[in-house]
1. Could you compute the FRET efficiency for Ala83 and Ala43, with r as their C-beta to C-beta distance and R0 at 35 Å, rounded to 0.05?
2. Which order do you get for His88, His11 if you rank them by accessible area with a 1.4 Å probe, largest at the top?
3. Per residue, how much accessible surface does region 17-78 expose to a 1.4 Å probe? Answer in Å², no decimals.
Amino acid sequence: MSAHGHVDLGHTAAGWAGTATAIIGVTLTGIAMAAVSAPLALAGAAVTLGAGALTWLLHLAGWGKPSGPRPESEWPWRVRDRAARQGHPGCLGCRLAGRGARRPENRSKAARVASTVSG
């Protein structure tokens, strides 16, 4: 049982790796500000932005989990998410990758008119 009750807060390999990388990037940027170093500041900013990409890629590879309740067997952060290939419902990252529930295709105006005339 966690300190937050009997819930899974979504601790995942993707989340931990992204957070650690972002901390390194922000630390580099802070050191660059103190040292007045533009190249180091750019490197720190690049590492920080790379943390977002790393987290997204790991999520898509199954090392990130969707939000919401999960069975207790899926709580440990070392457990891979087998549903990642299909995409998580309501997940922006999955939609950006072209996964998940697709919106119904828009029919052309001519097809809509034809169906209303014939029906």
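1. It comes out at approximately 0.45.
2. His11, His88
3. Averaged over the residues of region 17-78, the accessible area is 62 Å².
The values are calculated or read from the model by the stated rules, or taken from the named source; none is laboratory data. Nothing here was measured: the structure is a model prediction, and the numbers come from that model. Every residue, glycine among them, receives a Cβ derived from its backbone with ideal geometry; neighbour counts consider all protein chains shown. Accessible surface is based on the protein model in full, side chains and every heavy atom, while ligands, DNA and RNA are left aside. Shrake-Rupley method; radii C 1.70, N 1.55, O 1.52, S 1.80 Å.
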